[in-house]
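Worksheet: one structure, shown below.
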Amino acid sequence: MAGTPGSGRRAVGAVLALERGFRHLDDRIATKDGRDELLRALVQRRDVVVTWTGPLSARSPQWLRSFDFEVVWLDADRGAAQPPDTRHVDPFAADGSYRPLGKVMDELLSPGSRRSRLGARATARA
């Protein structure tokens, strides 16, 4: 998950970890230690959610997609800043308040996306 500041990426990632058993990683996956942690989680066949707070480089989404991740964009401006090849999820209601976190998670995990699950279980390629 990536998106604009204040869109709730980390909160959604934390709830997926606490309530749904996902391994929550953040933009530390840009480091060697973070990438190793991601690969260990995938080898263990864990569900993983990555919350990306920094700018998405052109390589970041492709690298995550190589492990069958779907890149989801959270923001409040109805997708105006949305990078190409990402799925938009709006964490805000029409009145500007946050939507219930459970509703946002349900939308993230809904089968209407390209993949049936966010951070689909994937096998790390050697």
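Bear in mind these aren't lab numbers, they're just calculated from the coordinates by the rules spelled out. Everything numeric in this text was worked out from a predicted model, so none of it was measured. Here the Cβ positions follow ideal geometry from the backbone for every residue, glycine too, while neighbour counts run over all protein chains shown.
Quick notes
- Amide H partners (placed H, <5 Å) of D47, local residues excluded: R23
- Ranked by how many other Cβ atoms sit within 10 Å of their own Cβ, fewest first, the residues V43, V71 fall in the order V43, V71.
- Residues S66, S97, sorted so that the one with the fewest Cβ neighbours within 10 Å comes first: S97, S66
- Sorting the segments 33-40, 20-27 by their mean number of nearby beta carbons within 10 angstrom, highest to lowest, gives 20-27, 33-40.
- 3J(HN,Hα) from dihedral phi, segment 93-100, Karplus parametrisation 6.51/-1.76/1.60, rounded to Hz, x for glycine, proline: 7, 4, 7, x, 7, 5, 5, x
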